[in-house]
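Since the structure comes first, as structure tokens, the remarks are kept for the end.
Throughout, read-outs are computed from the coordinates displayed, never taken from laboratory work. Everything numeric in this text was worked out from a predicted model, so none of it was measured. When we count neighbours, we look across all protein chains shown, and the Cβ atoms used for this are built from the backbone with ideal geometry, even at glycine.
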Amino acid sequence: MRIRAALALPALAGAMALTGTVLSTPAQAAGGVVIHHVWFDSPGSDTGSNTSLNGEWVEIKNTGRSAISLKGWVLKDKANHKYVFPNVKIGAGKTMKVKTGVGRDTASNKYQDRGWYVWNNTSDTATLTKASGAKVDSCSWTTRDPSDKWC
């Protein structure tokens, strides 16, 4: 047993040097929820109409193989405008858009029910946290980006 363990250590050190990590956790291997795409500058003039407000959105994606509950999770910008997810799940491999304006929630679209824009066109950061406050993912953009950002 000792000989095998002694031989495994150099191999493990070599793998770590090549990949920068020892092993992925089961959660990493299974996937998770990420911010996938942000459309921060709605098409056309910023008139404040509901159509224009819903033209800005954040799309999240479940990259895993099973549904994940988003109950109590928070999506926020740098100015701390928060959207708290209701008791919903995002299916395995599915996407969900969180739109700024008013609308009727569906499995693939949630609405913040706001009367004005959230995401700054010049620069901002969308941050997704669990209900506990633990950061899940974030996506930032600046004026160098067009009206949307793939994260």
Zone of T106 (label point 7 Å along Cα→Cβ, backbone N under 13 Å): which residues in the range 35-77?
-> none
With a point put 7 Å past each Cα toward its Cβ, work out how far T63 is from S123 in nm, to one decimal.
-> 2.6 nm
Peptides ranked, highest mean first, by Cβ atoms within 10 Å: ranges 77-83, 107-113 = 107-113, 77-83
Any idea how far apart S138 and K82 come out in nm if each label point goes 7 Å out from Cα toward Cβ?
-> 1.6 nm
Amide H neighbours of D41 at under 5 Å, excluding residues fewer than 5 places away on the same chain, with H built from the backbone geometry, are none
